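Written below as structure tokens is the structure these notes are about.
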Amino acid sequence: MGDTMKKVLAMAAAAVVLAGCGTGDTNEPDASAPTTPAPTTSSPSPEPSPAADLPAAADLLVVPGAVGDARVGMTVDEALATGLFDADVQVLDCGEGTPKSPLAWKEPLRDTLDVYVADGKITSIGVRAEGPKSAEGLGIGNTLADFRGVYETAEMREAGFGQTGLFVTDGTQWLGFLFDAQVEQMAQDTPVTFMEVTGGEGRPSLSRDAC
């Protein structure tokens with residue numbers, strides 16, 4: 001066999017060896033080939049339970065004796081059945097020994113409303129931020145000028161802490177609006193800063209004590 005033929009055969013053999021390095025049966029991974037991550041075997045995280053549907057604060061209608069479905073005179077159980085309240089909540093932090101409230105509005109309504117309970121029944125509901133409105137569209141932030149001609153039989157008198165209240169009644173049910181000025185200083189631009197509904201003989205005090 002001539003030298004030329006030997007060189008041709010040697011080159012052919014080398015080509016076969018090189019080709020086998022990329023495609024033969026081997027346990028070494030091909031560094032240039034993309035890799036697929038192994039599937040995980042961990043259990044999926046449980047999804048949080050959906051929160052109960054609550055009306056927005058702005059959708060709550062304020063009438064004498066009631067805010068939305070919550071009425072003065074309801075028992076604690078009746079109030080909880082509306083889905084608007086939580087039971088036994090630490091609403092106030094007045095130091096060691098502060099009792100829990102038997103009722104508190106669910107979050108985020110709690111930022112806008114409060115509720116007072118005595119002898120197992122709701123006695124007062126307060127509105128302390130903008131959102132809930134009366135049937136006439138009046139609420140926190142409205143001014144005295146907005147009340148012109150709306151409540152013809154309403155009574156205006158001192159209330160709160162040296163402020164002025166305007167009181168609307170429906171039978172034995174009450175709705176009070178607190179204006180941020182003394183009676184003699186009331187002006188058309190004096191705003192409403194608080195609302196309260198009560199029932200029975202109890203006119204709204206239009207005041208709240210923190211502790």
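What do you get for chymotrypsin sites (Phe, Trp or Tyr not before Pro) in the stretch 142-211 restricted to DSSP loop and a cutoff of at most 16 other Cβ within 10 Å of the site's Cβ? Walk me through the intermediate numbers first.
Numbers: sites: Phe147, Tyr151, Phe161, Phe167, Trp174, Phe177, Phe179, Phe194; in loops: Tyr151, Phe161.
Counting only loop positions with at most 16 other Cβ atoms within 10 Å, the chymotrypsin sites (Phe, Trp or Tyr not before Pro) in the stretch 142-211 are Phe161.
Roughly speaking, what is the centre-to-centre gap between the stretch 57-123 and the stretch 142-198 when only Cα atoms are used, to the nearest Å?
23
Through the Karplus equation 6.51 cos²θ - 1.76 cosθ + 1.60, θ set to phi - 60°, convert the phi angles of the stretch 75-92 into ³J(HN,Hα) values in whole Hz; use x for Gly and Pro.
6, 4, 5, 5, 5, 5, 5, 6, x, 8, 10, 10, 9, 6, 10, 7, 7, 9
Tell me the GluC sites (Glu not before Pro) within the stretch 141-172 that lie in a loop according to DSSP and have at most 11 other beta-carbon atoms within 10 Å. Can you show the working numbers first?
Numbers: sites: Glu152, Glu155, Glu158; in loops: Glu152.
Loop-located and lightly packed - Glu152.
Bear in mind these aren't lab numbers, they're just calculated from the coordinates by the rules spelled out. Model, not experiment: these values are computed from the prediction. In this analysis, Cβ positions are derived from the backbone assuming ideal geometry, glycine residues included, and neighbour counts consider all displayed protein chains.
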